[in-house]
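Everything on this sheet refers to the single structure shown next.
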Amino acid sequence: MPSLTATLTDRFAAALTAAFGEDFADRDPVIRSSQFADFQANVALPLAKELKSKPRDIATTTVDNLEVSDICEPPEISGPGFINLTFTPEFLARTLEAGGAAAAPENADPQRIAIDYSAPNVAKEMHVGHLRTTVVGDALARTHEFLGNTVIRQNHIGDWGTPFGMLIEHLLDVGVDSEAAAEVSENPNAFYQAARSKFDADEAFATRSRSRVVKLQGGDEETLGLWTRLVGYSRDYFNRIYSLLDVTLRDDDLAGESTYNDVLAEVCDELEAKGLATLSDGALCVFPAGFTGREGEPLPLIIRKSDGGYGYATTDLAAIRSRAINLGVDRALYVVGTPQAMHFEMVFTVAREAGWLPETVSAEHVKIGNVLGSDGKILRTRSGAPLRLAELLEEAVSRAKATVAESTVDFTDEEAEEVARIVGIGAVKYADLSVAHDTSYTFDLDRMLAPIGNTAPYLQYAGARIRSIGRRAEAEGVDAAGVANAAISLEQPAERELALSILGFADVIAEAAAGSQPHRLCTYLFDLAQAFTSFYEQCPVLIADTPELRASRLRLSAIVLEVLVAGLGVLGIRVPERM
Ligand code: ARG
């Protein structure tokens, strides 16, 4: 089903071609405007100069050539030359009756998209920053898959580097299979801190740790085995969080820093051979064009330290090369915190200069803003210790349990548990998704769990309410097949508004995906739920005047539910059966 804007855009292309010639077919003029009409087209003003004619005259000529009588009321020209368009209720009804309102819009050119997200660090606790990149990245992955693009998830975990010497030695000290070792998967920070304190206090341990790093980098087999054990414990921890969060990351999506070990030397050699890398104080550096420091001095991206070691930048250069060349992606998204903006700009620039990233491939840093505590600082526990993510999520679920307990629905304990999980986790995820990804927001469970406002529980409740209306209709003997095929009537303004809102889904989801902006989908779903609420207040459904009208309104409600479930679904949020 083409979207309403797509339909109008096609009609305008034909009109502009007929009026002014082929060259004018590609003007994209249509915007939604609830104030004056359903849509407003602004073609005349931008064309005035080109056509050397008055905008109002251009608008008149355009309208004379515009064939929309089958779908719209007669177009009206307003102001200096805007064209106002209002769909006929018959057309809106026919479009809804044709089905597919909750389906993905047609994707004429499916893309391959690498999405780098989550990316926590081995033997460390995931923090709220990782929570947010995980949630936003997963929503983008689901959205693109829904649209028919191929998504390659890349969980670029921090699984390599100098701390692994100390971590491996500590693992040996506590015993590889001991309970203390298993702590890496239960409370990673405690394990890390223990290793760290020993490293700082015990000279012999520090020495052992350093030589262990050398062995690790040299590919010593026993050391690699220990490293694998350590990564395995962490993987268990990540997977526990992922399953709690209901995100789609699997072991197969792991593409940690270590993945690129074998090609780092090659990456450096290639950059040197291309004349892009130069030695500076013993370190091999690239100075990408356009990056200068405070004094105007060129800024380096260090790709090989003076001790011969490689760092974060080298790994990311290898990663982008692999994504563009080996994985053959059209887009590479990096869902990572805003503080790393400069790093990615430099990496992208170097990759372009090196010819690894052709113009046809876009590399995009989807910047993730901070999650703040009520004090306006990065969220931490009261004691200032880093927050335990699992505990935070469990708290959201237990608070949701309190809300569920107030519900009028008589849940079994098991159901109550399940609903609290869907609502609590949904609330946390939705809070991450409903604000622009690059802004910071305050983590506030009360606000996230509020039953009214732009929150997951509000939307979930709207969905659950429609399900309950459907169940009541069934109990009253309304024929389900009749509802599924009912003629839709849009005589009431609230019905019409709801229809327009429903039919906006296709555009919004495509825009949210193109611009990596899940919050636009959230805003849309919130508007849809509100449109449903007004409709439900103004238009009796189960006690509608006639059986036909009842069937029409039940069908309209069912379509809203489909869109809500599909929209929340791509955000990674479920709608409970009852709430
Ligand atoms: N592990 C890094 C961190 O915790 C994030 C990695 C992001 N991805 C990347 N390709 N650099 O900050």
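Summary table below
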{"read-out": "Translational diffusion coefficient (Stokes-Einstein; Kirkwood radius from C-alpha pairs) of the stretch 325-403 at 4 °C, 1.567 mPa s, in µm²/s", "value": "81"}
{"read-out": "Listed residues Phe238, Phe20 arranged by accessible area, highest first, probe 1.4 Å", "value": "Phe20, Phe238"}
{"read-out": "The stretch 42-90 and the stretch 148-171: distance between their alpha carbon centers, rounded to Å", "value": "57"}
{"read-out": "Charge sum, other residues only, whose C-beta stays under 11 Å from Thr86's C-beta, Lys/Arg counted +1 and Asp/Glu -1", "value": "-2"}
{"read-out": "Accessible-area value, Thr442, 1.4 Å probe, nucleic acids and ligands omitted, Å²", "value": "60"}
{"read-out": "Rounded to 5, percent antiparallel among DSSP beta bridges of the chain", "value": "50"}
{"read-out": "Average accessible area per residue (Å²) across the stretch 350-424 - probe 1.4 Å, nucleic acids and ligands excluded", "value": "56"}
{"read-out": "Mean-position separation - Cα centroids, the stretch 350-381 and the stretch 458-497, in angstrom", "value": "43"}
{"read-out": "Residue pairs, from the table Lys377/Lys429; Lys49/Lys367; Lys367/Lys401; Lys274/Lys367; Lys198/Lys367, whose Cα atoms sit over 29 Å apart", "value": "Lys49/Lys367; Lys367/Lys401; Lys274/Lys367; Lys198/Lys367"}
{"read-out": "Dimensionless Rg ratio for the chain, taking C-alpha atoms and the 2.2 N^0.38 Å reference", "value": "1.15"}
{"read-out": "Within the accessible area of the chain (1.4 Å probe), percent carbon and sulfur", "value": "51"}
{"read-out": "Per residue accessible area in Å² of the stretch 38-138, where ligands, DNA and RNA are left out and the probe is 1.4 Å", "value": "42"}
{"read-out": "Where GluC sites (Glu not before Pro) fall in DSSP loop in the stretch 465-545, at most 13 other Cβ within 10 Å", "value": "Glu476, Glu491"}
{"read-out": "Cα-based reach from Lys54 at 17 Å (exclusive), listing aspartates and glutamates while leaving out same-chain residues under 8 positions away", "value": "Asp64, Glu76"}
{"read-out": "Per residue convex hull volume, Cα atoms of the stretch 464-511, in Å³", "value": "113"}
{"read-out": "Solvent-accessible area of Asp64 with every protein chain in place, 1.4 Å probe, in Å² to the nearest 10", "value": "120"}
{"read-out": "Those GluC sites (Glu not before Pro) in the stretch 248-357 that DSSP places in a loop and that have at most 15 other beta carbons within 10 Å", "value": "Glu295"}
{"read-out": "Total formal charge among the other residues, if their Cβ is under 11 angstrom from that of Ser3, Lys/Arg +1 and Asp/Glu -1", "value": "-3"}
{"read-out": "Bins of 5 Å, starting at 0 and running to the largest distance - Cα pair percent for the stretch 10-111", "value": "2, 12, 20, 22, 18, 12, 9, 4, 1"}
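The values are calculated or read from the model by the stated rules, or taken from the named source; none is laboratory data. The model shown is predicted, which means the values in this text are computed figures rather than measured ones. Heads up, the Cβs are rebuilt from the backbone with ideal geometry, glycines too, and the neighbour counts pull from every protein chain shown. The area values use the complete protein model at the heavy-atom level, side chains included, leaving out ligands, DNA and RNA. Shrake-Rupley method; radii C 1.70, N 1.55, O 1.52, S 1.80 Å.
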